[in-house]
Amino acid sequence: DVSPVVAGLIGATVLVVSVSVTVFVWTCCHQQAEKKHKTPPYKFIHMLKGISIYPETLSNKKKINRIRRDKNGTPSKEAGRGNLLVDAAESGLIGSEKAPDGPNAAPHVDQLPIKVDYGDELSPDQSLTPGGSKTSSPSSPGDEVMLGELTFSVDYNFPKKALVVTIQEAHGLPVMDEHTQSSDPYIKMTILPDKRHRVKTRVLRKTLDPVFDETFTFYGIPYSQLQDLVLHFLVLSFDRFSRDDVIGEVMVPLAGVDPSTGKVQLTREILKRNIQKCISRGELQVSLSYQPVAQRMTVVVLKARHLPKMDITGLSDPYVKVNVYYGRKRIAKKKTHVKKCTLNPVFNESFIYDIPVDLLPDISIEFLVIDFDRTTKNEVVGRLILGAHSVTAAGVEHWREVCESPRKPIAKWHSLSEY
């Protein structure tokens with residue numbers, strides 16, 4: 001026999017537990033249903049003290065699945081990765097002279113003895129070929145193109161020892177997308193020479209006169225150091241499926257700006273980007289060796305030195321990503337291990353690629369030195385290209401020696417350029 005009081009307590013406890021479980025299950029189901037039908041908006045949070053705190057990024061790692069069609073317009077029934085190939089003449093990723101059709105066609109990408117990666121199709125150049133969907137990069141030599149103007153303001157907060165920069169608007173930007181006859185501009189800003197403070201605006205869609213009106217505050221900068229700093233604005237056009245186009249840049253030395261009496265408003269002309277800037281990006285030592293009998297290229301990432309400080313601790317966590325391109329199509333990618341807390345990492349890691357001899361003139365190898373970050377997005381420190389798309393004399397000479405000296409490992413130091 002159970003007393004009425006004990007029976008009442010047991011009954012009340014069972015009732016409370018039942019109600020709690022029911023409410024919990026209903027809440028979980030309701031939240032799950034809301035997540036399925038609700039798309040969270042893109043949130044933009046400014047970066048302070050050089051620490052990236054963006055909650056999400058606009059990823060360009062989109063796969064394009066296009067089914068090739070025959071002459072009658074019917075879809076091809078090729079299976080596997082053949083269905084993922086994009087006709088070169090349609091996509092513009094390689095020039096028309098390298099289209100896979102025709103009697104004198106270059107070797108097809110699908111025939112290479114290297115695994116083809118169709119995600120994150122990035123070109124080693126800043127823009128696609130003229131046959132593609134985009135205009136040529138304004139930074140190419142010989143082009144006299146008006147790149148527009150950038151309007152911004154500079155102020156200083158003495159109580160907080162903070163430099164305040166407001167990116168207001170830009171006018172007269174060039175067209176970077178021929179299909180829409182417009183651009184998707186945004187701006188990256190860096191404070192030189194340390195380059196520890198890196199920020200960027202949001203992307204404004206389909207406009208040549210964007211109004212950003214975004215304010216960035218950089219703490220911990222003494223007023224006495226302003227005269228030694230330079231503001232670097234990099235104007236870009238966002239592209240969802242390939243690398244963003246560089247429109248131009250603006251360099252503003254603060255030696256001629258005095259924000260002590262109040263906000264200073266400035267308008268500067270956007271100039272072509274100086275692709276030779278590789279100061280303070282550091283150096284990378286790599287070794288290449290080609291075996292003509294086995295038709296293999298051995299790439300050894302040896303070490304780096306004098307890398308810039310990417311973390312608030314004054315150090316970096318670098319690793320190297322190696323991309324191999326045939327023409328403008330990436331056909332292989334690998335990466336080294338991360339070296340913790342160092343500006344002079346030693347990697348000593350080798351990668352082997354099967355590359356036929358007749359394809360060597362169209363092969364490029366891209367080295368990206370990247371700073372690993374566990375909590376935020378990894379940031380590219382510097383870049384090096386060897387091969388067909390090398391932009392430096394040292395890179396061209398290194399590749400020539402490798403091709404002319406088979407079976408001989410050739411190691412050299414190269415200065416890293418900005419990505």
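To the nearest 20 debye, what charge dipole does region 262-419 have about its Cα centre, counting +1 at the Cβ of each Lys and Arg and -1 at the Cβ of each Asp and Glu? Let's see the in-between values first.
Values: 26 positive and 16 negative charges, 77 e Å.
So the dipole magnitude of region 262-419 works out to roughly 360 debye.
Using a Förster distance of 30 angstrom, determine the FRET efficiency expected from the C-beta separation of residue 295 and residue 394, and round it to 0.05. Kindly include the intermediate steps, with their values, before the conclusion.
Values: r = 26 Å, r/R0 = 0.87.
Rounded to the nearest 0.05, the efficiency is 0.70.
What FRET efficiency would be calculated for the residue pair residue 354, residue 188, taking the C-beta separation as r and a Förster radius of 30 Å, to the nearest 0.05?
Working: r = 38 Å, r/R0 = 1.25.
The value I calculate is 0.20.
Set the bar at 18 Å for Cα to Cα. Now go through 160/377; 321/377; 161/263; 200/334 and name every pair that lies beyond it. Walk me through the intermediate numbers first.
On the way: 160/377 28 Å; 321/377 15 Å; 161/263 15 Å; 200/334 28 Å.
As for pairs spanning more than 18 Å Cα to Cα, those are 160/377; 200/334.
Based on the mean of other beta carbon atoms within 10 Å per residue, what is the order of 149-159, 246-256, most packed first? Each step should come with its number before you reach the end.
On the way: 149-159: 16.5, 246-256: 18.1.
Result, highest mean Cβ count within 10 Å first: 246-256, 149-159.
Give me the distance in nm between label points sitting 7 Å out from Cα along the Cα-to-Cβ direction at residue 149 and residue 5, one decimal.
8.8
Per residue, how much accessible surface does region 282-416 expose to a 1.4 Å probe? Answer in Å², no decimals. All intermediate terms of the calculation are to be shown ahead of the outcome.
Working: 5840 Å² over 135 residues.
With all protein chains present, region 282-416 gives 43 Å² per residue.
What length, rounded to one decimal in nm, is gained on full extension from residue 31 through to residue 271, with 0.36 nm per residue of separation minus their alpha-carbon distance?
Working: separation 240, 0.36 × 240 = 86.40 nm, distance 5.01 nm.
Gain in length upon complete extension: 81.4 nm.
Compare the peptides 18-27, 165-174, 392-401 by average per-residue count of other Cβ atoms within 10 angstrom and give them in order, highest first. All intermediate terms of the calculation are to be shown ahead of the outcome.
Values: 18-27: 10.0, 165-174: 19.3, 392-401: 15.7.
Result, highest mean Cβ count within 10 Å first: 165-174, 392-401, 18-27.
Measure off 7 Å from each Cα along the Cα-to-Cβ vector at residue 372 and residue 207, then give the distance between these two points in nanometres to one decimal.
4.0
Give me the distance in nm between label points sitting 7 Å out from Cα along the Cα-to-Cβ direction at residue 157 and residue 175, one decimal.
4.2
Taking only protein heavy atoms and a 1.4 Å probe, what accessible area per residue, in Å², does region 148-270 have with all protein chains in place? Can you show the working numbers first?
Values: 5240 Å² over 123 residues.
The answer is 43 Å² per residue.
Quick one: with all protein chains in place, what share of the accessible area of region 282-416 is carbon or sulfur, to the nearest percent (1.4 Å probe)? Mind dumping the intermediate values first?
Details: 3090 of 5840 Å².
Of all accessible area on region 282-416, carbon and sulfur atoms account for 53 percent.
What are the ³J(HN,Hα) couplings of region 385-394, residue after residue, when phi is run through the Karplus curve with 6.51, -1.76, 1.60 and θ = phi - 60°? Round to Hz, x for glycine and proline.
Per-residue couplings from phi come out as 10, 10, x, 4, 9, 5, 9, 10, 5, 5 Hz.
The values are calculated or read from the model by the stated rules, or taken from the named source; none is laboratory data. Quick caveat: nothing in here was measured; it's all calculated off a predicted structure. Reconstructed Cβ throughout: ideal geometry from the backbone, glycine too, with neighbour counts over all protein chains shown. Note: accessible area is taken over every heavy atom of the protein model, side chains too, but ligands, DNA and RNA are not part of it. Shrake-Rupley method; radii C 1.70, N 1.55, O 1.52, S 1.80 Å.
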